[in-house]
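The values are calculated or read from the model by the stated rules, or taken from the named source; none is laboratory data. Just so you know, these numbers come straight off a predicted model, no measurement behind them. For neighbour counting, all protein chains shown are included, and Cβ atoms are generated from backbone atoms with ideal geometry for every residue, glycine included.
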Amino acid sequence: MGNVEGKGSLRRRKLFVANWKMNGTTSFAEAYATFFLTHRSSVPPYAEVVFCPPTLYISTLRGIAESGCAFLGVQNVATEKQGAFTGEVSAMMAAESGCQYGIVGHSERRRFYQESESDIRAKILRLEEAGLIPILCVGETEEQRAAGQMREVLAQQLKDVASSASRLVVAYEPIWAIGTGKTPTPAEIGQTHQEMRALLQAQGCSTPTLLYGGSVTAANARDFLVLDEVDGVLVGGASLQETEFLAIIRCLEG
Ligand code: PGA
């Protein structure tokens, strides 16, 4: 990501992605949209913000995107372009609804819906065709980490992902850190991001945007975001509280 003029200094852009998962109601989404429209001047110039609500609430948040203070993302898309796939939503539909980003390969999709590596690559392709930027989630389980298999797992999840995407965001989300209050140390995240960047660059993806995700809160976000290797954060639980998420976005101020 590029540089912008921060308060008195040149500061790199950072990406803040809110993943609501399957949470919220219409009135929650309306109140959330109103909060961010009201507070849009508090979003610092270094922050690029992406809201990923459940698909049915994307239109409720569209005003935020139209105001220019944030982008919208879809949490999942179909592997297919269109047709008889009951219950699915295509990347084209997400694009038409105002989305610029699409999360793909979240560990909950891999685990609960048996999403395979080939499904994930098909979804990246669908997102690219629709003009959406993929946010690919990768990460190891606690057991894989304990067994020293982390590098192997990440290499597998990152294999051949870059060829079909002109711009790629990758979120390193260790599964044991999601919703648990546990996180790797900033030094561990920095090291892992360096290795992921090298793997992606070897595939010709020269400037991937690398996020950290897993139990990010307003209390710890700065520890990760000050790292040069970290281009942003993917936030689940803490993104459901507007003030907390705004505090995360503003954590590098001052
Ligand atoms: P969490 O979720 O912030 O609640 O740990 C992150 C994610 O699953 O994207």
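Do we find that Ala130 is surrounded by 21 or more Cβ atoms within 10 Å (Cβ to Cβ), small (Gly, Ala, Ser), closer than 25 Å to Leu61 by Cβ and modelled with pLDDT of 95 or more in this structure? Taking the combined requirement at face value, the residue does not satisfy it. One residue alone among Ser215, Ser239 is among the hydroxyl-bearing types (Ser, Thr, Tyr) and farther than 20 Å from Pro44 by Cα, and that residue is Ser215.
Of all residues in the range 143-176, exactly one satisfies the criterion of being within 11 Å of the ligand (Cβ to nearest atom) and either more than 16 Å from the chain's Cα centre (by Cα) or exposed (fewer than 13 other Cβ atoms within 10 Å of the Cβ) (or both), namely Trp176. Checking the condition at positive phi and either buried (at least 21 other Cβ atoms within 10 Å of the Cβ) or without any contact (Cβ under 8 Å) to a residue 12 or more places away in the chain (or both), which residue from Gly214, Gly204, Gly179 passes? Checking each option against the conditions leaves just Gly214.
The set of residues from the range 25-83 being touching a residue at least 60 places away in the same chain (Cβ under 8 Å) and acidic (Asp, Glu) comprises just one member, Glu48. Residues that are at pLDDT 95 or above and buried (at least 16 other Cβ atoms within 10 Å of the Cβ) number at least 3 in the following helices (runs of 4 or more DSSP H) confined to the range 2-118: 26-38, 91-96, 107-112. Of all residues in the range 160-176, those satisfying the criterion of being assigned to a loop (DSSP other than H, G, I, E, B), more than 18 Å from Ser118 (Cα to Cα) and free of Cβ contacts under 8 Å to residues at least 60 places away in the same chain are Ser166, Arg167, Pro174.
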